[in-house]
Amino acid sequence: MPAKKRFNAFEDLSSAGNGSKLGLPDMGVTPAEEPQVERIERIPPSQMMPDRFQPRRLLPPGLRQAFFSGKINCYQAAIDWLEMAKSDSGIHAEVERLQLMGSSFGEHGQIKSITGTWAANTAGEYIFQIETGERRFWAACLAYASSGAREEPLLRVEVVSRPTRQRQVLENRHAEPPSAVEQACEVASLILAELGITPDPNENDDYEFFRQARNQRMPAGLWERITPIMQLTRPRMVQLLNLLQFPSTLLDQADRYRLPERVLREVLATPRDGWERMLKLAIQNSLTSDEVAEIATAPTTNGEKDRVSRPVLPEPGRQAARTFRRFVTSLEELDEYGRDQAMDEIADSVVVKGNGENALDVLEELARLIRARLERR
């Protein structure tokens, strides 16, 4: 099946008039209202096209340009995606989730339709532009690519009168908890749709479209209109938008490994030239936000660069360090009598279990290290 040139059918999302919100008609439409379905069809994935500027990015960065430029079709993208998953744990996890969905199609059928609209590309060919249901689309493509089947699958689609970013975001949030990066893009896409700002199909970096939201003057009532959709407070949404300051390569990594928002905020608070290193440390060592902050603020003698590049204590060492800190804090909260009782119980326990001598060696070495650091103050 030859690849086809890509296009975007969401370019007139907010063109319905001054009263339109996110492209909905001026008729008091609420965020939860269902789209008006024109008809239901069954079509193969090769006649469908995901939205390149969908806030939830499924296709890996290494395949996006080739696919959306028409150099490869959806099945070749699926084959390449499966190959990439063999050497990347983040990609593997996403592919595994999609394959699980694809396998359920054969057992239970396609429970929920894909929504979208037919639109002509620059070559005059009509393609079904996906509004919601990209996960179902790629699940079917991956299942077909890995099965060796000869006949393309047919997916049930609902043709809607007007696709909207609003329904995209609602679908995403109901389908699977979005990553912090995906949430940032969701907030940005809703803001841009409200302002009537549409994607530039010639922009190579998809994130540049979302970044535009950070530079806009927000009209009165905008935050109130998107709050029911995002179910987040305005300060939280602003914090999410700030994550788009990261370079696109780092956003892709943070999204692929689903780093929590708090971890990303702590990384963002470090010097810009240390972001990449700190992000890699957070991914490789599953750092918490407190651990990122601790590494970032650790004193050094050789300057900022050495501080950011300090090696991270691997597990179970980090777990032991956290447990000991909690232990010391707990003892500090006791009075003298309670502390003595706790110390007696600990001493009895380690001796009875045969760990007395080892515990003594560890504590003496720890005491030596603490004294050495206190003397350097």
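Things worth noting here:
- Filter result for P201 (touching a residue at least 40 places away in the same chain (Cβ under 8 Å), surrounded by fewer than 16 Cβ atoms within 10 Å (Cβ to Cβ) and assigned to a helix (DSSP H, G or I)): no
- Of everything listed in (1) out of contact with any strand residue (DSSP E or B) (no Cβ under 9 Å at 6 or more places or on another chain); (2) at pLDDT below 90; (3) more than 16 Å from F53 (Cα to Cα), the single unmet condition for A143 is (2).
- All positions within the stretch 80-98 that are closer than 12 Å to L142 by Cα and surrounded by fewer than 18 Cβ atoms within 10 Å (Cβ to Cβ): L82, E83, E96, R97
- Conditions (1) crowded, with 16+ Cβ neighbours inside 10 Å; (2) in the same structural domain as G62 (by TED's automatic domain parsing); (3) assigned to a loop (DSSP other than H, G, I, E, B): number failed by M218: (1)
- Residue among R236, R167, R156, R225 that alone is farther than 30 Å from S103 by Cα, over 17 Å from the mean Cα position of the chain (by Cα) and not in a loop (DSSP other than H, G, I, E, B): R225
- Every pair of residues 6+ apart whose Cβ atoms lie under 7 Å, when the first sits in the stretch 241-257 and is acidic (D, E) while the second is surrounded by fewer than 20 Cβ atoms within 10 Å (Cβ to Cβ): D252/P61
- Test: E176 is surrounded by fewer than 17 Cβ atoms within 10 Å (Cβ to Cβ), closer than 21 Å to L58 by Cα and charged (D, E, K, R): yes
The values are calculated or read from the model by the stated rules, or taken from the named source; none is laboratory data. This one's a predicted model, so the numbers in the text were calculated from it and none came from an experiment. When we count neighbours, we look across all protein chains shown, and the Cβ atoms used for this are built from the backbone with ideal geometry, even at glycine.
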